[in-house]
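Engineer: Could you have a look at this structure, given as structure tokens, before my questions?
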Amino acid sequence: MWRRGPIRTVGGMTQNRTALITGASRGLGLALARSLVADGWKLVIDARTAADLDAVVAGLGSSAVVAVAGDVASEEHRLALRRAVAGLGGLDVVVHNASRLGPSPQPPLDAYPLDALRAVYAVNVFSPLRLTQLLLPHLRPGGRIVFVTSDASVEAYEGWGGYGSSKAALDHIAAVLAVEHPELSVYAVDPGDMNTRMHQEAFPGEDISDRPPPEASVPGLRELLTGALPSGRYQARALVAPVEAVR
């Protein structure tokens, strides 16, 4: 059962490393959460619905997880995430993974509804910036902030002007934040094409089964979370050698 309010806690809260992952009910966020839990991390995770988080928490088992249901575009929800982080005594890592694709199929810019574009920017740009503002005082020394971006932020793909421009703005936010906070490691990371629900929505009616699963991008993200890379923009799957190359 969900206790009064949106926060649910599972596990003994005994590990030393803590990460917040937005959009963790499926896709890349869920794959990363599973990987970190396996290594004993404490997690704060969110998704828009309590039912989705219930299933995730159950699947993650008895490890320390705080699940907060809500939309990252809501200030009330972002404040709830900050309270959850404060309750755990601080953070080592923030992963801004939650994203909004926008209309499906993707419209050209000359026909893009501005209300829909505002909704995309609310989730992809304003929410991660605002959540970062709220969480900065709770980041421990040497903390890391990861913004999940896209190749559409640097390549001009027809029909991707809305989503791509939002991710380009996110790239620049990450770059400037790194300059303004040299005591932190700040990354923008392109996970690459993945076989996820959002990617399927971007290509309605097409077969995307040839795309790698989100788990293929997790080792690169883990390198950002635990390695010694300087702040910057990276491609997740370029950070680790393919299995075939190391055999």
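Every number in this text was worked out from the coordinates using simple rules, so none of it is lab data. Just so it is clear, the structure is predicted and the values come from calculations on it, not from any experiment. A quick note on method: Cβ atoms are made from the backbone with ideal geometry, for glycine too, and the neighbour counts reach across all protein chains shown.
Engineer: Just flag the GluC sites (Glu not before Pro) in segment 141-247 sitting in loop per DSSP whose Cβ has no more than 15 other Cβ atoms within 10 Å.
Structural biologist: Of the GluC sites (Glu not before Pro), the ones in loops of segment 141-247 whose Cβ has at most 15 other Cβ atoms within 10 Å are 155, 158, 183, 206.
Engineer: What is the set of long-range amide H partners of residue 235 at a cut-off below 5 Å, with H atoms built 1.01 Å from backbone N?
Structural biologist: Excluding prolines and chain starts, which carry no amide H, the hits are 190.
Engineer: OK, next. Under unit Cβ charges (Lys, Arg +1; Asp, Glu -1), what dipole magnitude, rounded to 20 debye, does the chain have relative to its Cα centre?
Structural biologist: My answer is approximately 1100 debye.
Engineer: Right, next: Between 169, 116, 80, where does the largest GNM mean-square fluctuation fall for the chain, given springs only between Cα atoms within less than 10 Å?
Structural biologist: Sorting by GNM fluctuation, first place goes to 116.
Engineer: Using the Cα gyration tensor of segment 7-246, with a ≥ b ≥ c the square roots of its eigenvalues, what is the shape: rounded (a/c below 1.5), prolate (a/b larger than b/c) or oblate (neither)?
Structural biologist: Verdict is rounded for segment 7-246.
Engineer: Among 102, 163, 182, flag the residue with its Cα farthest along the positive direction of the charge dipole of the chain, charges on Cβ as +1 for Lys/Arg and -1 for Asp/Glu.
Structural biologist: Going by the charge dipole, the pick is 182.
Engineer: Taking segment 118-178, which trypsin sites (Lys or Arg not before Pro) meet the DSSP loop condition and have no more than 10 other C-beta atoms within 10 Å?
Structural biologist: Answer in residue order: no site qualifies.
Engineer: Among DSSP beta bridges lying fully in the chain, give the percent that are antiparallel, nearest 5.
Structural biologist: Antiparallel bridges: around 15 percent, rounded to the nearest 5.
Engineer: Let me ask another. Among 148, 123, rank each residue by its count of other Cβ atoms within 10 Å, from fewest to most, as a rough exposure measure.
Structural biologist: Final ranking by Cβ density, sparse to dense: 123, 148.
Engineer: Quick check on the chain: helices-only [θ] at 222 nm, where DSSP H runs of length 4 and up contribute -39,500 (n - 2.57) each and the sum goes over total residues. Nearest 500, please.
Structural biologist: Helix-only estimate at 222 nm: -11000 deg cm²/dmol.
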